[in-house]
Amino acid sequence: MLSNSLIETKKIAADFSGSLKGGEVVAFEGEIGAGKTTFIQGLVEALGAEGLARSPTFTVMNVYPTGREPVKQIVHIDAYRLRTPEDIFNLGLEEWIGRPDTVVLVEWPRMVGEAEIRTDRTVRILAGEDSDSREIEIE
Ligand SMILES: Nc1ncnc2c1ncn2[C@@H]1O[C@H](COP(=O)(O)OP(=O)(O)OP(=O)(O)O)[C@@H](O)[C@H]1O
Ligand SMILES: [Mg+2]
């Protein structure tokens with residue numbers, strides 16, 4: 001899908017959010033500044049959460065309550081700075097992963113390693129022809 005602006009990316013994210021039932025882990029791939037956090041912000045808003053999905057440079061993990069069902073909370077992880085299995089263990093992800101009322105969104109899943117987190121869906125954001133355009137692939 002082609003997005004020509006931040007607003008279009010958030011709309012695509014809102015459409016995608018409609019396919020989430022709870023229990024999913026979604027991986028976000030794309031270079032720095034691709035728009036992963038922007039997409040997640042659109043998704044979090046569409047699912048009813050009030051908190052903004054900021055680019056969590058220092059906060060590795062944020063939990064956003066939606067006040068709705070079936071997805072009662074969204075867990076947003078930016079794994080960019082995680083390096084060791086202990087870093088991942090310390091997040092306490094086992095509390096969230098696989099919970100039917102929770103969706104887990106992971107930026108930079110490769111930093112966590114495929115063995116630790118099994119992802120159900122992938123959103124890949126690629127640079128487009130100009131500075132505001134992006135190609136968004138959803139698997
Ligand atoms: N079509 C678009 N979709 C998404 N973001 C866009 C688009 N056009 C321009 N932008 C801008 O690109 C930037 C994307 O930043 P964002 O923090 O979402 O990227 P990121 O992939 O999460 O980066 P990081 O890897 O550093 O976490 C924002 O400044 C946003 O305004
Ligand atoms: Mg980001």
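Every read-out reported here was derived from the displayed coordinates using simple, explicitly stated rules and does not represent laboratory data. None of these values were measured; they are calculated from a predicted model. Virtual Cβ from ideal backbone geometry, glycine too; neighbours counted across all protein chains shown.
Nothing charged except the Cβ atoms of Lys and Arg (+1) and of Asp and Glu (-1): what's the magnitude of the dipole of the stretch 1-125 about its Cα centre? Round to the nearest 20 debye. Walk me through the numbers before you get to the answer.
Working: 14 positive and 18 negative charges, 47 e Å.
Dipole size: approximately 220 debye.
Ranked by how many other Cβ atoms sit within 10 Å of their own Cβ, fewest first, the residues Ile32, Ile138 fall in the order Ile32, Ile138. Of the residues Tyr64, Tyr80, the one with the fewest other Cβ atoms within 10 Å heads the list, and the complete ranking is Tyr80, Tyr64.
Residues Phe28, Phe89, Phe16, ranked from the fewest to the most other C-beta atoms within 10 Å, line up as Phe89, Phe16, Phe28.
When the stretch 2-138 is described by a simple charge dipole with +1 on each Lys and Arg Cβ and -1 on each Asp and Glu Cβ, the residue from Gly42, Gly23, Pro65 located farthest towards its positive end is Pro65. When its C-alpha radius of gyration is set against 2.2 N^0.38 Å (N residues), the stretch 2-138 gives a value of 0.98. Within the chain, what's the longest stretch lacking trypsin sites (Lys or Arg not before Pro) that sit in DSSP loops with no more than 14 other Cβ atoms inside 10 Å? Counting only loop sites that pass the neighbour cut-off, the longest clear stretch is 84-117.
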